[in-house]
1. Looking at VAL33, VAL13, which is the one that is among the β-branched types (Val, Ile, Thr), without any contact (Cβ under 8 Å) to a residue 60 or more places away in the chain and in contact with an Asp or Glu (Cβ under 6 Å, 6 or more places away or on another chain)?
2. Just checking, does region 109-123 include any residue being in contact (Cβ under 8 Å) with a residue 12 or more places away in the chain, of a type in the set (Gly, Ala, Ser) and surrounded by 15 or more Cβ atoms within 10 Å (Cβ to Cβ)?
3. Would you be able to say whether some residue in region 19-36 is assigned to a helix (DSSP H, G or I) and under 24 Å from GLY152 (Cβ atoms)?
4. Kindly provide the set of residues from region 15-30 that are out of contact with any Leu (no Cβ under 7 Å at 6 or more places or on another chain) and buried (at least 17 other Cβ atoms within 10 Å of the Cβ), ordered by number.
5. Search region 127-156 for residues that are within 22 Å of LEU86 (Cα to Cα) and surrounded by fewer than 18 Cβ atoms within 10 Å (Cβ to Cβ) and pair each with any residue that is of a type in the set (Ser, Thr, Tyr) and modelled with pLDDT of 95 or more when their beta-carbon atoms are under 8 Å apart and the residues are at least 6 apart or on different chains.
6. Within region 84-108, track down each residue that is charged (D, E, K, R) and free of Cβ contacts under 8 Å to residues at least 60 places away in the same chain.
Amino acid sequence: MTRDDILDAAAQVFRQKGFHGASMSDIASALDVQKASLYHHVKSKQEILLALLDRALIMLTDHIASIAAQAVPADQKLRQMIRGYLSALSENTDLTAVLLFEHRSLDKKSHSRHVPQRDTFEALWRDVINEGVRSKVFDLKDTGLAVRALMGVMNWTLTWYHPDGGKSIEQIADDYSDFVLKGMLR
């Protein structure tokens, strides 16, 4: 049993039961080990949660940063970021569900350690939108609000998206991009 095995199992358990509904026994059971064996590798559920949030943010930040660094216009970059982000959410549903829905379960100390990483991730989006404003591709009064609105729309997708549904995640990403970049007006 490796730390990665523990985190994978915990992500699945937390996604199914929620952080507060899950127990260390549930995680041990998912790993088919005794709870004492689990405690040999980790100290607490809180430690596991923080490790999962770190893992998710590192993965997402690395992925989105590589897109944000491309030398293309801001609108094209934003389209690719939306597609990349939604694809990452749908390909890593256990892990990203924990990030999106269980971060509120962090204790105060862990939360203060988590927030700067989250802010770094959000800054990637804000920087691209600000780049678009500077280059006059976008016309926005409040880029921070635009980022939060966009993240809210994309994050909520994880609650209703099904791979066997009517649209692929790529089609949904393209529709979101059209909505964000073109709006609803004729």
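1. Values: VAL33 fails: in contact with an Asp or Glu (Cβ under 6 Å, 6 or more places away or on another chain).
Criteria check complete, one pass: VAL13.
2. Yes.
3. First pass over region 19-36, keeping only residues assigned to a helix (DSSP H, G or I): 24-31, 35-36.
From what is left, the residues that are under 24 Å from GLY152 (Cβ atoms) are none.
No, region 19-36 has no match at all.
4. First, pick out the residues of region 15-30 that are out of contact with any Leu (no Cβ under 7 Å at 6 or more places or on another chain): 15-18, 20-23, 25-26, 29-30.
Of everything in region 15-30, those that are out of contact with any Leu (no Cβ under 7 Å at 6 or more places or on another chain) and buried (at least 17 other Cβ atoms within 10 Å of the Cβ) turn out to be ARG15, ALA22, ASP26, ALA30.
5. Once the first residue is within 22 Å of LEU86 (Cα to Cα) and surrounded by fewer than 18 Cβ atoms within 10 Å (Cβ to Cβ) and sits in region 127-156, its partners that are of a type in the set (Ser, Thr, Tyr) and modelled with pLDDT of 95 or more give VAL153/TYR176.
6. Pass one, region 84-108, residues charged (D, E, K, R): 91, 94, 102, 104, 107-108.
Those that are charged (D, E, K, R) and free of Cβ contacts under 8 Å to residues at least 60 places away in the same chain: GLU91, ARG104, LYS108.
Conditions tested, residue by residue: (1) of a type outside the set (A, V, I, L, M, F, W, C); (2) in contact (Cβ under 8 Å) with a residue 24 or more places away in the chain; (3) open to solvent by 40 Å² or more (accessible area, probe 1.4 Å).
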site: LEU38; (1), (2), (3): no, yes, no
site: LYS43; (1), (2), (3): yes, no, yes
site: ILE48; (1), (2), (3): no, yes, no
site: LEU57; (1), (2), (3): no, yes, no
site: HIS63; (1), (2), (3): yes, yes, yes
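The values are calculated or read from the model by the stated rules, or taken from the named source; none is laboratory data. None of these values were measured; they are calculated from a predicted model. As a convention, Cβ positions derive from the backbone with ideal geometry for all residues, glycine included, and neighbour counts pool all protein chains shown. These area figures cover heavy atoms from the full protein model, side chains too; ligands, DNA and RNA do not enter into them. Shrake-Rupley method; radii C 1.70, N 1.55, O 1.52, S 1.80 Å.
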